[in-house]
Structure formats: C-alpha cells, structure tokens
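Everything on this sheet refers to the single structure shown next.
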Amino acid sequence: MSSPSTTDSRTLEDAFVLPTYAKFPFALARGEGCRVWDEDGVEYLDLYGGHAVAALGHSPAEVVDAIAAQARRLLFYSNAVYSRVRAEAAEALVRFCGEPGAQVFFCNSGAEANENAMRVARAVTGRARVVAAEGGFHGRTAAAIAAAGAKYRTGLSGLGADVVHVPFGDLSAAAAALDGAAAFLLEPIQSLAGATTASPEYLKGLEALCAAKGALLIFDEVQTGLGRVGAPSARQLFGARPHLQTFAKALASGVPAGAVLAVPEVAAKVKPGQLGSTFGGGPLACAAIKATVDAIASRRLGENAAAMEALVRETFRLPGIVEIRGRGLLLGIVLDRPSKPVRDALLARRILVGGADDPNVIRLLPPLIAGAAELGLLREALAEILSAAPAAR
Ligand SMILES: Cc1ncc(COP(=O)(O)O)c(C=O)c1O
C-alpha cells in the first residue's frame, strides 16, 4: 500500500501530466550515489540510473556545486555571445573523446543531437538519404524544421525522414544501401533493443564502406558514450572511427544537454547558420557538462565500468541466466523466461533495473560508480528469485 504522501504525488501527476509513460509505482524525493529514496523514505538500489543519466550517481557534489555556482553567476545567455564555460565544456568533451581538432555542437537532448548529426551529414555530403540499422532507437523528433519558413528550409537541412533501414550487423546490406547516401547512423550497442552489441568487424567495415562511398558514419553514443561501455566511448572500445558522435543522457548528470562531436575534416565544412538551438550550449548546462566529463575522467569511471562487466560475467552464472549482452555497465541479462515478473520481484526487494524490447532481457544502466557491493546485492536477489520461480516449460 502506498502511503498518503506517495499517493498524493501520483494522483496529482496523473491529473496534470499526459499519461505517456509506464512508471515505477512511487514518487522519488531524493538520491545519493547509487541509492534513491521515495517520499516515504523507502530506499532503493538504483541499477537503472534514471535511464543511464546518473553516471556519477545521484546529485554528485562536484556537479551540484558547479551548477549552483554558475546559476548565481549567469543563469543563461544564448549563443549570440561567447562563453568561457561553453568553451571549457567543449574542450573537456573533445579531450575526453581523444580526437584532437574535433569540434562540438551543443543541444538539449539525444534526439536533437541525432537530428543535428544527420543535418551535418546532409549538408556536408550534399546528399539526402540516411541509412540506419534496424532495431535502434535515436529519439522522437520529426518535422519541426520542415514546418519552418523558406529561409530555414534551404538546401537539404529542411528534409524530414529520408531514411532507409538495413539489418544490424549486415555489411552487404549496408554496402548496397550506402550508394548515394549521406550517412550511416547506428547505436554501436543497441540499448533499448536489449544491449545488442555490434562486432568490431562490423563497425570497422562500416567505417571502410562509408569512406569508399563518400558517406559519413554516425555513432549514436547517447547511451554508450562517456565511459559507460568501459572506454571513453564505443569508438575506442571497438576501434572504429565515426565522423560524428552524438551524446546526451550522462553528459550533464541530469541537466538536459546533448552534443554532436565532429572530426576535424567534417567540422571544417560546417557553416554558420546550418545548426542552431536557443538553450543548447547555455551556461548552466555547460557548467554541468564540464563538471561531469572532468569527474568521469579523473575518477576513471570507464575503468570501473570495465571491471564491473568482468565481475558480472564471472559471478552471474546462475540458473535462469542464459547470456550477458553488452559492454561495461550497459548490460543486458538475458533470462530463459520473460523478465517482467523478475523485475517486479526485484522491485519488491527495492532494486531498480530496466527492461528492453527483448522481453527476456533485464537491462542494467547503473551509475558508473557502482561497485562489487551493489552488483553483489543484485546477484543475491536474482539467485533467489530465479530459483524460486523456474521458467515455465
Ligand atoms: C541511444 C539513444 N539515442 C537517442 C535517445 C534519445 O534521447 P532523448 O530522450 O534525450 O531525446 C535515446 C533515449 O533513450 C537513446 O537511448
């Protein structure tokens, strides 16, 4: 039973907010590290991370302090002016990504980052079509620019969805579709699909194909970026160099922010007026980005993510678990049964995890500070739950 305070918040939200999401059945009041507390003070172990956002854990001190200090100095000014904190946030991201000479466009979300990456690819190649891998997820924007006045619809930047899909992992299909295309866009690890992981050969093959066909390779690193996969990004993990990488989620620890990172040869071709955003690159978001990226780097959280993947692979060999997909702390635990009842049983034990398009998958997207203690609690709970409720045969 929910207490009155929890019920009040839920009733209030249900009355005023459109019912577009399936939600956990409680209202959260606060968070710290890998733990969150609901309005009744009930503590949860958060291995979902607010959907991969809380890389540094909840309300990390260095980011909270940076946001508070920036808010007092200057809450907002647009891209009409230079901004020290914007420059420093971009520098931090470029250094973190290890691509000297790369340049960044800031926006507010993962969807916008992907929109703008596709826009850059279309503008730079002079081609319209984008090839995407089946099974991916890249955000929910569509046609705002197509609805704008003629001045803003010039060239190819006003095009909506000229996108064709090919099977994930199929290089011959990619080769055929890339003829005359502007770009190939994919998640190197398809998170929502169930942590479906590309092979290094596939990604390197796409890099070679794009080079041969004059198209740009775009990695959607909205989930895989910023240390989560046990490396700075999928690009280092798989050893394939995309022309454009998109980031969001963990980028600013929860302050809405997205970014497109363009390698120097692409950055050199971007012209004034091709991209724009009122709030993108604003001082508050950039203070949060710089503090977040610096902390992920200095605390070596990518290395922790790699170590925790190894621990999970070693210690989660439990009856009922048939496969562990993904890399670092973007993991899909594949069960021999639907994951929903197991996730509900975890919730009853106050452990938050995610689901996936694959109904048998439990998705882990915990803070990158999660350690052996937190993952041990999950293992213990899973061992009990999976042995108590054997798969229906
Ligand atoms: C891989 C990927 N790309 C893009 C997005 C869209 O991001 P946003 O919701 O910030 O627009 C998501 C969101 O879940 C995502 O997982």
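The values are calculated or read from the model by the stated rules, or taken from the named source; none is laboratory data. As the structure is a prediction and not an experimental result, all values here were calculated from the model. Glycine gets a Cβ as well: all are built from the backbone with ideal geometry, and neighbour counts include every protein chain shown.
I'd like to know if region 9-18 contains one or more residues that are part of a helix (DSSP H, G or I) and in contact (Cβ under 8 Å) with a residue 24 or more places away in the chain.
Taking region 9-18 as the starting set, the residues that turn out to be part of a helix (DSSP H, G or I) are 9-16.
Okay, now just the ones that are also in contact (Cβ under 8 Å) with a residue 24 or more places away in the chain, so 9.
Yes, that holds for at least one residue.
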ask   = Where residues in region 229-255 are more than 9 Å from the chain's Cα centre (by Cα) and within 13 Å of Pro367 (Cα to Cα), which of them is farthest from the ligand (Cβ to nearest atom)?
value = Gly230
ask   = If you go through region 225-246 one residue at a time, do you hit one that is assigned to a strand (DSSP E or B), within 29 Å of Leu47 (Cβ to Cβ), in the same structural domain as Arg119 (by TED's automatic domain parsing) and not polar (S, T, N, Q)?
value = no
query = In this structure, is Gly254 crowded, with 24+ Cβ neighbours inside 10 Å, closer than 19 Å to Val53 by Cβ and at pLDDT 95 or above?
reply = no
inquiry  = Take the conditions over 21 Å from the mean Cα position of the chain (by Cα) and over 21 Å from Pro264 (Cα atoms) and apply them to Tyr48. Does it pass?
reply    = no
